[in-house]
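Let me begin by presenting the structure, written as structure tokens, before commenting on it.
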């Protein structure tokens, strides 16, 4: 409604309250995640590092990355499927623009996953790739390979704390509308994933003032090119 510049619109929280308090118990099927009940919010506890002491934790990340004032800082994750636990899709989200890339992997082997991430990023100018933050999943263990290839800094969430890369978690939820856990991943091609990423990148986002991620990404790229020239 805001995107259409209407003077009256409904607050998202009002919609959720109506759905979950309504006598019509089936309304939740109309919601993006189709959850029959709202999740409770628990306090978040700190956890120790899983990979050992030689990695950069998210707590060491510069504060201006956290505020999204700087461009070129990414978050990465994988989504899995019930019928095939070996093949996964890597999701990469740029924190400021919310631009997303999707990569199909035939296995969760870390060297292969990181190699494909590096290949995806290799055509980006250095100012568009300054850091990337992962959770401590085994598929992201080969961080030195990615750092050597891309020259960016790799950070990790604290153990069992994927919520610390919220942009990526939010995007994964959006992608599940099109790629539910029951998806037969063998039948999904990289071309189809590229088309889905385009769809996500051309969707106006409230957090971007109802601009499209691709629009913000391209404009930021132009600004950075002028700055570096």
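The values are calculated or read from the model by the stated rules, or taken from the named source; none is laboratory data. Keep in mind that this is a model prediction, so the values were computed, not measured. In this analysis, Cβ positions are derived from the backbone assuming ideal geometry, glycine residues included, and neighbour counts consider all displayed protein chains.
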Hey, residue 84 in contact with a helix residue (DSSP H, G or I) (Cβ under 6 Å, 6 or more places away or on another chain), more than 24 Å from residue 70 (Cβ to Cβ) and exposed (fewer than 15 other Cβ atoms within 10 Å of the Cβ) or not:
yes
Taking the conditions exactly as written (buried (at least 16 other Cβ atoms within 10 Å of the Cβ), more than 28 Å from residue 59 (Cβ to Cβ), in contact with a helix residue (DSSP H, G or I) (Cβ under 9 Å, 6 or more places away or on another chain) and without any contact (Cβ under 8 Å) to a residue 60 or more places away in the chain), does residue 212 satisfy them or not?
yes
Exposed (fewer than 13 other Cβ atoms within 10 Å of the Cβ), in the same structural domain as residue 93 (by TED's automatic domain parsing), out of contact with any strand residue (DSSP E or B) (no Cβ under 7 Å at 6 or more places or on another chain) and touching a residue at least 60 places away in the same chain (Cβ under 8 Å), is that true of residue 206?
yes
Of residues in segment 56-77 being assigned to a strand (DSSP E or B) and in contact with a helix residue (DSSP H, G or I) (Cβ under 6 Å, 6 or more places away or on another chain), the one farthest from residue 224 (Cα to Cα):
77
Filter segment 120-130 for residues that are in contact (Cβ under 8 Å) with a residue 12 or more places away in the chain and not in a helix (DSSP H, G or I); which is farthest from residue 79 (Cα to Cα)?
125
For the subset of segment 148-177 comprising residues that are in a loop (DSSP other than H, G, I, E, B) and touching a helix residue (DSSP H, G or I) at 6+ places or on another chain (Cβ under 7 Å), which member is surrounded by the fewest Cβ atoms within 10 Å (Cβ to Cβ)?
151
With (1) touching a helix residue (DSSP H, G or I) at 6+ places or on another chain (Cβ under 6 Å); (2) modelled with pLDDT of 70 or more as the list, and residue 36 as the residue in question, which single condition is left unmet?
(2)
Residues of segment 91-119 satisfying the condition of being buried (at least 22 other Cβ atoms within 10 Å of the Cβ) and either in a strand (DSSP E or B) or free of Cβ contacts under 8 Å to residues at least 40 places away in the same chain (or both):
91, 93, 94, 100, 102, 113, 114
Here are some residues: 169, 192. Which one is assigned by TED's automatic domain parsing to the domain that holds residue 97 and within 21 Å of residue 84 (Cβ to Cβ)?
192
Which numbered condition residue 187 fails, given (1) under 14 Å from the mean Cα position of the chain (by Cα); (2) farther than 12 Å from residue 79 by Cβ:
(1)
Failed condition for residue 145, given (1) within 29 Å of residue 208 (Cβ to Cβ); (2) at pLDDT below 95; (3) in a helix (DSSP H, G or I):
(1)
